[in-house]
Amino acid sequence: MGIFKKLGWFFKQEKKAYISGVIALFIVSIIALLPPRIIGIIVDQIASQTITMQSLIMWVSLLGATAVAQYLLRYIWRINIFGTASKLERIIRTQLYQHFTEMDKHFFQRYRTGDLMAHATNDLRAIRMVAAGGILTLADSVSTGSATIIAMFLVVDWRLALLALIPLPLLALCSRILGTKIHKSFREAQAAFSHLNDKTQESVSGMKVIKTFGQETEDIQEFKEKTAQVVKENKKVYIVDSLFDPVITIITGMSYVLTMILGGSFVINEVISIGEFVTFFTYISMLTWPMLAVGRLFNILERGSASYDRIRELLNNKSSIQENTSAVTTPISGNVDVTIQKFTYPSSDKAVLSDVHFHLVKGQTLGIVGKTGSGKTSLFELMLREYDHYEGTILYGGTDIRDYSLDALLKRIGYVPQDNFLFSDTIAGNIRFADPNLSMAEVERAAKLTAIHQDILEMPQQYETEVGERGVSLSGGQKQRISIARALITNPELLILDDALSAVDAKTEEKILSALKDERSDQTTIIAAHRISSVMHAQEILVLEDGRVIERGTHEQLLANNGWYKEMYEQQQLEQQIEGGAVK
């Protein structure tokens with residue numbers, strides 16, 4: 001019953017609806033006692049040959065009235081109990097989604113997408129069943145069972161009633177033992193489903209890669225293994241679950257046998273009438289549901305409790321990024337000053353950034369180049385405040401980013417990562433993502449700045465073209481340019497392009513960089529790239545290697561240094577000449 005305590009906050013919030021539903025249930029249980037007694041009276045009148053057409057019509061009409069009353073009352077409790085339970089699912093699902101939006105990067109490294117989806121679907125259904133089927137089963141079994149037992153004592157014979165109740169303590173003991181086992185088994189089954197869900201999501205998302213490498217057979221085999229594990233864990237649940245009904249049937253059968261022996265003796269000795277005996281037997285059959293309900297109730301509660309614990313475990317996670325109570329809410333502006341003595345990821349002991357510092361005056365452009373894994377993206381993660389635990393400071397306008405509110409910081413930064421993520425929407429919808437009310441003229445203006453406008457016009461539905469999941473219908477270069485347009489739409493104080501031009505050709509890159517230079521002359525831009533041509537125009541260029549700055553200066557100064565930068569520049573120039581010759 002612990003799950004009812006855990007959900008006490010919701011039941012208190014919706015107490016009016018639940019009280020109305022439970023009262024309706026109790027009235028239904030009381031009305032349900034009338035038909036067996038009416039049938040018993042009719043049987044006695046038939047046995048004594050005193051029944052008349054008038055009395056038969058009266059009793060049958062009364063039976064019809066009880067049926068109508070039960071129908072209406074059942075409608076009331078269904079609306080109040082089942083309808084209200086849907087609110088609980090909505091509340092917890094909203095809490096989960098909001099929690100996901102507030103969590104840091106470390107959280108999403110610990111929990112995979114499929115696992116989170118399983119929590120938001122299967123687990124929520126199990127919790128909703130507690131607030132719906134659980135309350136219904138508890139209230140209905142208590143009301144029906146109590147009313148039936150009282151009727152047994154008052155209407156028929158107290159000795160028969162006591163005899164019929166002898167097996168009930170055994171029922172409670174068996175339900176408790178089986179319920180404990182179900183809790184453990186169901187938790188393991190839900191965990192197995194989470195793994196299967198995650199595998200499915202990952203495989204569907206990576207289907208192109210799977211087919212490219214010819215790994216369909218191996219992937220199907222892994223899917224089968226995950227499915228088999230889910231079946232195995234659910235079998236354990238069903239084995240325990242299937243024991244409830246046989247146990248209850250045996251216990252109910254014991255009540256029938258004992259009642260038949262003593263009740264038959266009472267009828268023979270004329271202690272009770274044949275009609276009262278029929279009534280009592282009908283009451284015994286009515287007790288079958290409360291007995292079955294006890295087993296079903298434990299099943300529902302243990303499943304819901306296991307699922308609620310899993311969800312609370314998620315919600316109890318706290319983001320490592322916390323706003324100060326007196327956070328600066330004024331949007332960032334001014335110069336950028338970065339001084340990082342040391343930064344290490346939480347899951348590692350190796351420093352990924354060491355002694356990285358630069359001063360960027362508002363309106364200037366900073367270029368960052370280096371090998372893969374040199375620390376470019378790690379630096380941007382700190383500037384976007386994805387991690388707070390590092391030695392050093394990052395200042396915007398002289399204020400540490402950890403003193404800004406997240407809205408004041410992030411809403412004024414346009415970031416285009418290496419992995420361009422587009423939503424399953426139209427091209428226009430993706431570009432105006434940060435401002436859905438943006439006019440079409442503004443959308444087209446951003447597209448022209450990123451040299452994607454003409455490409456869009458050549459598409460069948462132009463700006464209303466659906467891009468598919470993650471932009472699957474577009475080329476890499478098109479996705480990159482739409483992503484840049486989406487970042488520009490907010491007119492960011494700081495624009496960060498993290499190797500965001502790698503998939504476009506040199507001429508298109510030159511158009512975009514030229515447009516950005518003119519458009520953002522009074523705003524700050526940071527460009528990280530492998531291609532030297534992307535950063536040549538920057539006021540300062542940093543060369544990173546193993547998280548350290550090994551060279552810095554303008555394009556001309558770095559060429560004069562005869563270091564890694566010059567070597568890469570000459571190598572890329574040679575590659576362009578060879579490609580140009582091949583084209584000719």
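No lab work stands behind these numbers, since they all come straight from the coordinates. Predicted model only: the values in this text are computed from it and were never measured. Cβ atoms come from the backbone with ideal geometry, glycine included; neighbour counts cover every protein chain shown.
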For peptides 222-230, 457-465, sequence by mean Cβ density within 10 Å, most packed first: 222-230, 457-465
message: If amide hydrogens are placed 1.01 Å from N in the peptide plane, which non-local residues have theirs closer than 5 Å to the one on Glu545?
response: Ile550
task: Out of all DSSP beta bridges with both ends in the chain, state the antiparallel percent to the nearest 5.
output: 50
- request: Show me 313-325, 336-348 ranked by packing, highest mean number of other Cβ atoms within 10 Å first.
  value: 336-348, 313-325
query: Taking the structure as given and computing semi-axes √(5λ) of the Cα gyration tensor in Å, which label from (1) 53, 31, 22; (2) 73, 24, 23; (3) 35, 32, 24 fits?
result: (2)
- prompt: Hey, which of these cross-link pairs are over 24 Å Cα-Cα: Lys479/Lys517; Lys362/Lys566; Lys105/Lys376?
  reply: Lys362/Lys566
task: Can you spot the aspartates and glutamates whose alpha carbon is less than 19 Å from Lys235's alpha carbon? Ignore those fewer than 8 places along the same chain.
output: Asp123, Glu188, Glu225, Asp245, Glu302
query: Along region 513-519, what does the Karplus equation 6.51 cos²θ - 1.76 cosθ + 1.60 (θ = phi - 60°) give for ³J(HN,Hα), rounded to whole Hz, x for Gly and Pro?
result: 5, 5, 5, 5, 5, 6, 6
- prompt: Ranked highest first by the average count of other Cβ atoms within 10 Å around their residues, in what order do 399-409, 443-453 fall?
  reply: 443-453, 399-409
- prompt: Hey, what's the Kirkwood Rh for region 381-486 if you take every pair of different alpha carbons, in angstrom?
  reply: 15.3
